[in-house]
Amino acid sequence: EAQVTQNPRYLITVTGKKLTVTCSQNMNHEYMSWYRQDPGLGLRQIYYSMNVEVTDKGDVPEGYKVSRKEKRNFPLILESPSPNQTSLYFCASSSGIPGQALLTDTQYFGPGTRLTVL
Amino acid sequence: AQTVTQSQPEMSVQEAETVTLSCTYDTSENNYYLFWYKQPPSRQMILVIRQEAYKQQNATENRFSVNFQKAAKSFSLKISDSQLGDTAMYFCAFMKHVSAGNNRKLIWGLGTSLAVNP
């Protein structure tokens with residue numbers, strides 16, 4: 001089954017304790033992205049990656065890091081989490097193949113990770 | 001910068017009836033893509049329907065259809081024969097046309113919470 005998986009689904013942690021949220025896709029997609037969802041602010045892009053070893057900042061990258069060492073994985077790293085990073089996080093992927101019609105390049109979303117930083 | 005506005009925070013409809021969710025957007029782009037996503041209580045983000053701006057014909061997917069008015073920058077979603085399983089948060093999203101190798105960032109509205117009542 002084609003899917004994007006995220007782990008953990010729920011996490012409660014304390015300020016300053018480094019954590020990693022994993023994201024993996026089994027569709028051989030080139031493009032992957034992270035969003036955070038907050039009440040009143042909607043979904044905002046944190047980072048994205050067009051391919052292995054190619055990553056770039058989205059709209060709200062402060063306090064986050066990512067890596068793309070393998071095509072299937074795109075972990076989100078919080079080196080020193082703070083309470084303002086309490087949020088619902090989504091990973092997404094799409095084929096990203098150059099020349100493919102963007103309309104049909106559906107973005108698949110993971111199930112979300114609910115993070116609480118105390 | 002592009003913005004997406006959903007003016008109805010909450011709506012309700014009786015089972016088997018029809019409901020229309022509103023979405024307006026602001027952009028100076030001429031070619032772009034519009035999407036409706038559904039987020040049920042499970043929090044999974046699911047693509048409902050998509051529309052390419054240069055296509056005048058409105059997209060339909062089974063019970064879901066859109067009314068795309070490019071000049072008015074309006075993109076409403078009509079759900080016919082509403083079912084209990086349609087209860088969810090619905091998000092309107094915008095993506096500008098990008099060339100190969102560019103970010104496929106989605107810009108999101110704040111959502112409309114739809115309740116389908118038996």
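The values are calculated or read from the model by the stated rules, or taken from the named source; none is laboratory data. Keep in mind that this is a model prediction, so the values were computed, not measured. Note: ideal-geometry Cβ built from the backbone for every residue, glycine included; neighbour counts use all protein chains shown. Areas reflect the complete protein model, heavy atoms only, side chains present, ligands, DNA and RNA absent. Shrake-Rupley method; radii C 1.70, N 1.55, O 1.52, S 1.80 Å.
A P(r) calculated from all alpha carbon pairs of chain A, with 5 Å bins opening at zero, reads 2, 12, 23, 25, 19, 11, 5, 2, 1 percent. Both radii are taken from the alpha-carbon atoms of the protein assembly as shown; with Rh as the Kirkwood radius, Rg/Rh is 0.97. Annotation: lysines with alpha-carbon distance below 17 angstrom to residue A:65 (same-chain offsets under eight excluded): A:17, A:18, A:57. Of the chymotrypsin sites (Phe, Trp or Tyr not before Pro) found in region B:19-118, those that fall in a DSSP loop while having at most 12 other beta-carbon atoms within 10 Å are B:54. Applying a DSSP loop filter and a limit of 14 other Cβ atoms within 10 Å to the trypsin sites (Lys or Arg not before Pro) in region B:61-100 leaves B:63. Loop only per DSSP, at most 12 neighbouring Cβ atoms within 10 Å: give me the trypsin sites (Lys or Arg not before Pro) in region A:1-40, ordered by residue number. When the trypsin sites (Lys or Arg not before Pro) of region A:1-40 are filtered for loop state and at most 12 Cβ neighbours within 10 Å, A:17, A:18 remain. For region A:21-72, the solvent-accessible area with a 1.4 angstrom probe is 46 square angstrom per residue.
The distance from the alpha carbon centre of region B:39-60 to that of region B:9-23 is 16 Å, rounded to a whole number.
Placing R0 at 45 angstrom, the Cβ-Cβ distance between residue B:30 and residue A:82 gives a FRET efficiency of 0.65 after rounding to 0.05. Take every pair of alpha-carbon atoms less than 8 Å apart whose residues are at least six positions apart; their mean separation over the length of chain A yields a relative contact order of 36 percent. The apolar share of the surface of the protein assembly as shown, taken as the fraction of accessible area on carbon and sulfur atoms (1.4 Å probe, ligands and nucleic acids excluded), comes to 49 percent.
Computed on protein heavy atoms with a 1.4 Å probe, the accessible areas place B:97, A:29 in the order B:97, A:29, largest first. When the accessible areas of A alone and B alone are added and the area of the pair subtracted, with a 1.4 Å probe, the result is around 2300 Å², both sides summed. Going from the isolated chain to the complete set of protein chains, region B:5-48 loses at least 10 Å² of heavy-atom accessible area (1.4 Å probe) at B:33, B:35, B:37, B:39, B:42, B:43, B:44, B:45, B:47. Measuring spread by the Cα atoms of region B:30-111 yields a radius of gyration and Dmax of 13.2, 41 Å.
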